[in-house]
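Take a look at the structure set out below.
The values are calculated or read from the model by the stated rules, or taken from the named source; none is laboratory data. Every value quoted in this text rests on a predicted model; they were computed, and no experiment measured them. Cβ placement follows ideal geometry from the backbone for every residue including glycine, while neighbour counts extend to all protein chains displayed.
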Amino acid sequence: MADIVGSQLWEVFVRAARGLNHIHVGSVHATDADGAAQAARDVYTRRSEGVSLWVVRSTDIHASDPDDHDDWFGDAHPYRHPTFYEIPDEVGHM
Amino acid sequence: MSVTTGTLVEYLLCLADDNMVLAQRLGELAARMPDLEEDIAVANVGLDHLGQARSLYAYAGEVEGTGRTEDDLALGRSERDFRNAVLIEQPNTDFAHVLVRQLLVDAYQVPLYDALTGSTDPTLAGIAAKAVKEARYHLRRSSTWVIRLGDGTEESHDRCQAAVDHLWRYAEDLFAVPPGFEQLVAAGVATPMDPVRVAATNSVHDVMASATLTLPADLALRTGGREGMHTEHLGHLLTEMQWLHRSHPGATW
């Protein structure tokens, strides 16, 4: 796919409407930031999916290592959820 | 000053045919661009031009008042009846030719549509208001690509310069006007061509400078498209574009 000289992978984030977060929607190939933004516009927002978009070089994203999954995400702590606690009757409705 | 029907129809056909023929040229590239992103982008641009062509043909048919539909106008007229500028019909020789042709068209369409949003003809003004947004995006895309290619590698620069050297001779035809054009300008329906030419030329010069490309001088210019005098390429394009409609008139799907 990346036949164009210097083509890189860029991650695309689209904001669907004012007040919402930019959400990751996919990636595009491009040789520079302008090209990436234009490719993202054409590939991901032609049907009114967004009002704003970001592109970020995929290599600039520092990600968690899947091998670390258990260490990072594996231990479930039920007491970190409010539903873990029983509310005494005298508190009433919170 | 009143505008005769035939004059307005002729003007609308110039605008419509530019878009129709360009849409067909860009459509030829579907599934043939260097990567998936550009494939989608070129199809998007082509469909924008097709949409503009449809609006203009439909309105031309309405003004003409003889019952010709947008299909009749796009698919039922012959080469000598087409009013597109000769630049538009030039083939997709390589990626550089595609983008340089697009830049020259976009640089012309942006100031053209921008001015036509103030047309005294409300339908034409409405079509222009929608089209100018598309044209501005097209110009952004073609400009950045021509700069990227021209100011890129030795190979991309040379190919881009070759495209400029070849296509520049046809660009003048964009500014040619149909018979009775002055009547349309006087009535405020059409926009004068001189300011459009100045704006278009300025944007092309700016892009050429950033792209380290040069416009050829002392070139014998090739015009005549607005009078139906086309290069050898249009007939082949129309054959492919029209054969289905002509072989099976009235076919629907």
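The set of residues from region A:16-30 being out of contact with any Lys or Arg (no Cβ under 6 Å at 6 or more places or on another chain) and surrounded by fewer than 17 Cβ atoms within 10 Å (Cβ to Cβ) comprises A:Ala16, A:Ala17, A:Arg18, A:Gly19, A:Leu20, A:Asn21, A:Ile23, A:His24, A:Gly26. Taken together, B:Leu167, B:Leu149 contain a single residue that is within 14 Å of chain A (Cβ to nearest Cβ), out of contact with any Asp or Glu (no Cβ under 9 Å at 6 or more places or on another chain), assigned to a helix (DSSP H, G or I) and aliphatic (A, V, I, L, M), which is B:Leu149. With respect to the conditions (1) within 23 Å of B:Ala23 (Cβ to Cβ); (2) surrounded by 20 or more Cβ atoms within 10 Å (Cβ to Cβ), B:Gly126 falls short on a single one, namely (2).
For every residue, the table says whether it meets (1) within 13 Å of another protein chain (Cβ to nearest Cβ); (2) hydrophobic (A, V, I, L, M, F, W, C).
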position: A:Val14; (1), (2): no, yes
position: A:His22; (1), (2): no, no
position: A:Gly26; (1), (2): yes, no
position: A:His29; (1), (2): yes, no
position: A:Ser58; (1), (2): no, no
position: A:Ile61; (1), (2): no, yes
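If the condition is being surrounded by fewer than 23 Cβ atoms within 10 Å (Cβ to Cβ) and charged (D, E, K, R), then region B:1-24 contributes only B:Glu10.
Restricting B:Asp151, B:Asp173, B:Asp165 to those that are touching a His at 6+ places or on another chain (Cβ under 8 Å) and at pLDDT 95 or above reduces the list to B:Asp151. For B:Leu73, the conditions (1) part of a helix (DSSP H, G or I); (2) of a type in the set (A, V, I, L, M, F, W, C); (3) within 15 Å of the chain's Cα centre (by Cα) all hold with the exception of (3).
Taken as a whole, the condition of being touching a Gly at 6+ places or on another chain (Cβ under 8 Å) and modelled with pLDDT of 95 or more applies to B:Ile88.
When restricted to residues that are without any contact (Cβ under 8 Å) to a residue 24 or more places away in the chain and of a type in the set (A, V, I, L, M, F, W, C), region B:206-228 contains 2. Selection of first residues in region B:188-205 that are in contact (Cβ under 8 Å) with a residue 24 or more places away in the chain and of second residues that are among the small types (Gly, Ala, Ser) and surrounded by 13 or more Cβ atoms within 10 Å (Cβ to Cβ), restricted to Cβ pairs under 6 Å at least 6 apart or on distinct chains, gives the following pairs, ordered by first then second residue: B:Val189/B:Ser119; B:Thr191/B:Ala115; B:Ala200/B:Ala107; B:Ser203/B:Ala107; B:Val204/B:Ala107.
Can you say whether B:Val189 is within 26 Å of B:Leu15 (Cα to Cα), in contact with a helix residue (DSSP H, G or I) (Cβ under 6 Å, 6 or more places away or on another chain), crowded, with 17+ Cβ neighbours inside 10 Å and not aromatic (Phe, Trp, Tyr), as far as the supplied structure shows? It is false that B:Val189 is within 26 Å of B:Leu15 (Cα to Cα), in contact with a helix residue (DSSP H, G or I) (Cβ under 6 Å, 6 or more places away or on another chain), crowded, with 17+ Cβ neighbours inside 10 Å and not aromatic (Phe, Trp, Tyr). A count restricted to region B:2-38 and to residues that are part of a helix (DSSP H, G or I) and away from chain A (no Cβ under 14 Å) stands at 22.
Residues being surrounded by 14 or more Cβ atoms within 10 Å (Cβ to Cβ) and modelled with pLDDT of 95 or more are represented in region B:240-250 by at least one member. None of B:Ala41, B:Ala128 is over 13 Å from the mean Cα position of the chain (by Cα), in a helix (DSSP H, G or I), within 21 Å of B:Leu13 (Cβ to Cβ) and of a type in the set (A, V, I, L, M, F, W, C) except B:Ala128. Screening B:Leu221 with (1) touching an Asp or Glu at 6+ places or on another chain (Cβ under 7 Å); (2) among the hydrophobic types (A, V, I, L, M, F, W, C); (3) surrounded by 20 or more Cβ atoms within 10 Å (Cβ to Cβ); (4) away from chain A (no Cβ under 14 Å) gives one miss only, at (3).
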